[in-house]
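Chemist: One structure, pasted below without further comment.
The values are calculated or read from the model by the stated rules, or taken from the named source; none is laboratory data. All figures in this text were calculated on a predicted structure; none of them were measured in a lab. When we count neighbours, we look across all protein chains shown, and the Cβ atoms used for this are built from the backbone with ideal geometry, even at glycine. The accessibility values were calculated without ligands, DNA or RNA, using every heavy atom of the protein model including side chains. Shrake-Rupley method; radii C 1.70, N 1.55, O 1.52, S 1.80 Å.
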Amino acid sequence: MSGILTKGEKILNAIKLVKNVDKQYRYDVESILYAFASKFLEGKDLEKVKEELKLTELGKSLKDEGKKEKAIETAKIAIKKGMDNEIISELTGLSIEDIDLIREVLK
């Protein structure tokens, strides 16, 4: 081996090192590494980074954001179908306040 790491390997190594960083700064550093990976990597290299990040606080946060986006989309459909806020809240887990806000945006 030549000892030269690819961009993907460097980012993966950095993600592994971040696990030892103070929790207060870890999320910020993970976010920066994710941004670098998204900008400079593609294909299998990017997928490896995403897999590594799934195990981190950032990965958990991104997963939660995806769930909330899905809930919002479901709420939009339910609102258009004429469903009431209580049922939409039960279906999506969104608060009544969130649903009211979505109704306002859809007007």
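Chemist: Could you check region 1-23 and list, in sequence order, the residues that are closer than 19 Å to Leu62 by Cβ and open to solvent by 60 Å² or more (accessible area, probe 1.4 Å)?
Modeler: Lys16, Lys19, Lys23
Chemist: With respect to Lys81, determine if the residue is free of Cβ contacts under 8 Å to residues at least 24 places away in the same chain and among the charged types (D, E, K, R).
Modeler: On the way: free of Cβ contacts under 8 Å to residues at least 24 places away in the same chain: yes; among the charged types (D, E, K, R): yes.
The answer is yes for Lys81.
Chemist: Among the residues of region 87-101, count how many are in contact with a Ser or Thr (Cβ under 8 Å, 6 or more places away or on another chain) and not hydrophobic (A, V, I, L, M, F, W, C).
Modeler: The total comes to 3.
Chemist: Let me ask something else about it. Would a scan of region 58-72 turn up a residue that is more than 30 Å from Ser95 (Cβ to Cβ) and out of contact with any Leu (no Cβ under 8 Å at 6 or more places or on another chain)? Show your work before the answer.
Modeler: The initial filter retains those residues of region 58-72 that are more than 30 Å from Ser95 (Cβ to Cβ), namely none.
Within region 58-72 (the criterion being more than 30 Å from Ser95 (Cβ to Cβ) and out of contact with any Leu (no Cβ under 8 Å at 6 or more places or on another chain)), the answer is no, since none of the residues qualifies.
Chemist: Then there is this: Among the residues of region 18-26, are any modelled with pLDDT of 90 or more, among the polar types (S, T, N, Q) and assigned to a loop (DSSP other than H, G, I, E, B)?
Modeler: No.
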